[in-house]
Each structure stands twice: as structure tokens, then as C-alpha cells.
Amino acid sequence: MTRPPSSDVDLSILRLPREDPPARRTPSWRKWLAGIFAVGLVLLALVRLPPFSESIPDVDTVAVRPVGAMIADSPLTASGYVVAQRQASVASKGTGRLEYLGIVVGSRVKAGDVIARIEQADMLALQRQARARLEVAQATLENTQAELQDARLAYDRAKALLPDQFISQSEFDVAANRLRKAEASVRSASAAIAAAEADVLTADVMVENTKIRAPFDGIVLKKFAEVGEIVAPMAGATNARGAVALIGDLKTLAVEVDISESAITKVAPGQPADIILDAVPSTRYRGTVEQIVPTADRSKGTVLAKIRFLELEDRVLPEMSAKVSFLPSAKPDATPPQEFLVPTASLVRRGNRTVLYVLEGDLAREVSVQELTRRGTDSEVRGDLSTAMNVILLPPPSLANGSRVRPRAAH
């Protein structure tokens, strides 16, 4: 058998078919991650958007009011003058012509300083006369004491000689009588000395009465007499001055104001106050009510109050005009009021509890309260409230803690 030539043979049938490479696949975990992210976005959108079936109610609100603070009292103001609470019109105890004056208006004096003196020549003469009588009495006492010593020696000798009959009874009696007279003379001289000392003391007082001294530390506010004028106690003489000067203690300055009888209940001792002087309007001085005079002026219908300065300056002078503003009493230990007034229409029952809803942003928060009493359309309650809160009027039955609401207006 003859083989066909190789050139006629079809070799293509011996070639294996070539397949295309398989397509590259995306890993399955990436698909899962993308799907989870897409689901999360959908859920977030559903959470942030309210359900189509939810309706937001419109509500009215009203502020919470503390009990007893429904009407605030306006500050009370009054006008008056600065007055030294310790002042004295200084006068002389004696009558005479003023010969020395050591003060002027504004002079500062110390207690016991001699600020003036009346003529004292006659008083000094009486003083010297009294002292001279005292010296005479003292000399007389020395003389009588010497006589008493001599009489006592004579009596002792006579007493020793009488038993032996060296002297007679009559001589002894003379010695005894002499001793008694000497003793009486000594007692008389001692009494005369006491009287003379009293006269000297009287003269010293009369001389001292011619000196006018400052009764306390202070400043001379007014001067009433000049050198050469007659001064007398109680100004008994014609054209005589009753006082020499007016002295005030500037440490006791206070503002005296007249308060209307209808407003006196707004002021109490110890109440703080602000003082503004017309002379220094830019400075505000702190003060306190020191006294409310317990009597009224029937002609003016006012009561006098005295407001003491807590801090004094040299610029504050007596008789300055001032304006006083009475402040509410400070109570650092006071606690916030625990009882409040709310509309009765804001209260609802939830089981065995009385609650109300307060507005916080656009949410309603439930607060449990205790209803104490009712005052017309308001109720007095106690609970965790404050005056900064607004309560919801006529809360819907479906309203719950955390519900969304839309406030219409705040009354």
C-alpha cells in the first residue's frame, strides 16, 4: 500500500482548540461591605426623618412663677441731709466776758482741750483767798497741837503728885481742865482745815468753770461767740451768748431722711441702702438703716429714718444733701423658693401621680409635682421646677416624656 505524500496531509486536525482565559472575579467580601454601607445609609435616613404617620402637636406654654413673688416691689428712694449723730453746743458754766477763743469753724479738737475761756480774775482772787484761809487753819492746828502736848504733860505730872499730897486737888483739876480744852482746840482746828479745804475746792471749781473744754473728739461745726462777748449758762443775761460753739463727731455721720407713713413698712433696721451725695454724684456710698425714729411728724405725715455710712471719706460733711435708695435685705443663706404657681390646666394625672410637662427645646419633659392648694385658675405646687421653665397648657392625652412638640407662643 502506497502512503500519500506528506504535502497533502491536513495537519490542522491535530491542533488542540485554544480557550479564552476566565474573567477576573471581584472578591465576595467587598460586595458584602458595599451592601452593608448602603443599608446603613437607608436606616440612618429613616431614623432622622419622622414617620409619615407621626403628627407634631402645637402647644401653648406659660412661665412658672414662685409663690410670693408675683409682683416685685420697686426700690424706695428718699432725700435728706447728712447729720452728725453725736454733737453738742458747748457753753460755759459761769457767766462772764469771753477773753480767749482758740477755735474757728473746722477746727479739730480733742476731748478735754480748752477751746475758750471767760475772764477769771475774780475767780483767781477767790481761789487765793481760800488757799490763804487754809494756811491759817493749818497754822492754828499746829499751835493747838503744841498746847495739847503741853497740857498732857502737865496733867501727867499732876496725876503723879496727887497721891502723895504734893499738890492739892484744885491744882490737879486745873491741869485736867486744861487738857480737855487743848483737845477741843485741836478738834476745832482740824474742822477749820476741812472747811478751808472745801473752800479751796469750790474756788478751784469756779476757776475751772471759766474754761470751756471740748467734751469729745470732733470738729467745730459752728461758732456762736467772739472774744469780748458775754457768755452765760442758758443765756440768762441780755445779749448774752448761751453757747460758744457747736462740735460734732464726724465718725457718727448719718443721713436723716423723711419717709412717708404709707411706705415705712418697706424699711427696716439693718436694711442695706445706697447713698449718693449731691456734692459727689459720681460716688455711691454703702449704708445701712441704723434707726427708725418711733414717732411720726403729724404735720408732714412722715417718719424719720437714720442711715449710717459703712465707709466714710473726708468729702462727706455735715448738712450735705443726699439721696438714699433702700435695697432689698440681703439674705446670703436664703434658698430658692420650693413652691410655685402653675396653671391648673397644665396638670394631668398619670396613674397615681400628678405631673406636668415642661418645654425643653422642641421636646416635652415630664415632671412629677405635688399639688398643694388652688388659687382660682392657678395651682400651688411643689416639685423640681424653676422660674426659668415654661409648662405646657392642656397637654394632649397622647403626650409622653420626650415627645416632640411645636410651641405656638409663650405667655
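The values are calculated or read from the model by the stated rules, or taken from the named source; none is laboratory data. Only a predicted model underlies this, so the values are computations on that prediction, with no experimental measurement involved. Methodologically, a virtual Cβ is constructed for each residue, glycine included, from the backbone with ideal geometry; neighbour enumeration extends over all protein chains shown.
Scan the range 212-219 and give yes if some residue there is within 30 Å of Val136 (Cα to Cα) and of a type in the set (Lys, Arg), otherwise no. Within the range 212-219, none of the residues are within 30 Å of Val136 (Cα to Cα) and of a type in the set (Lys, Arg).
When the range 72-119 is filtered for residues that are under 30 Å from Ala263 (Cα atoms) and hydrophobic (A, V, I, L, M, F, W, C), the ones remaining, listed by number, are Ala72, Leu76, Ala78, Val82, Val83, Ala84. Residue pairs whose Cβ atoms lie under 6 Å apart, separated by 6 or more positions or on different chains, with the first residue in the range 251-274 and in a helix (DSSP H, G or I) and the second exposed (fewer than 15 other Cβ atoms within 10 Å of the Cβ), are Glu261/Gly301.
Does Val367 fit the bill of being out of contact with any Ser or Thr (no Cβ under 9 Å at 6 or more places or on another chain), touching a residue at least 12 places away in the same chain (Cβ under 8 Å) and of a type in the set (Val, Ile, Thr)? Spelling it out, Val367 is indeed out of contact with any Ser or Thr (no Cβ under 9 Å at 6 or more places or on another chain), touching a residue at least 12 places away in the same chain (Cβ under 8 Å) and of a type in the set (Val, Ile, Thr). Does Arg349 meet the test of being basic (Lys, Arg) and more than 14 Å from Ala400 (Cα to Cα)? Answer is no for this residue. Considering (1) surrounded by fewer than 17 Cβ atoms within 10 Å (Cβ to Cβ); (2) at pLDDT below 90, the lone condition that Ala91 does not fulfil carries the number (1). The one condition from (1) at pLDDT 90 or above; (2) outside any helix (DSSP H, G or I); (3) of a type in the set (A, V, I, L, M) that Ile167 does not meet is (1). Taking the range 264-305 as the search range and keeping residues that are among the polar types (S, T, N, Q), over 18 Å from Val316 (Cβ atoms) and at pLDDT 90 or above, which one is surrounded by the fewest Cβ atoms within 10 Å (Cβ to Cβ)? Per the criteria, the residue is Ser299.
Selection of the range 373-411 for residues being within 15 Å of Val64 (Cα to Cα), surrounded by 12 or more Cβ atoms within 10 Å (Cβ to Cβ) and among the aliphatic types (A, V, I, L, M) yields Val381, Leu385, Met389, Val391, Ile392, Leu393. So is Glu366 in a strand (DSSP E or B) and at pLDDT 90 or above or not? When the stated conditions are applied, Glu366 passes them. It is to be established whether one or more residues within the range 235-250 are part of a helix (DSSP H, G or I) and free of Cβ contacts under 8 Å to residues at least 40 places away in the same chain. Yes, some residue in the range 235-250 is part of a helix (DSSP H, G or I) and free of Cβ contacts under 8 Å to residues at least 40 places away in the same chain. In the range 282-297 there is at least one residue that is touching a Gly at 6+ places or on another chain (Cβ under 8 Å), over 14 Å from Val82 (Cβ atoms) and of a type outside the set (A, V, I, L, M).
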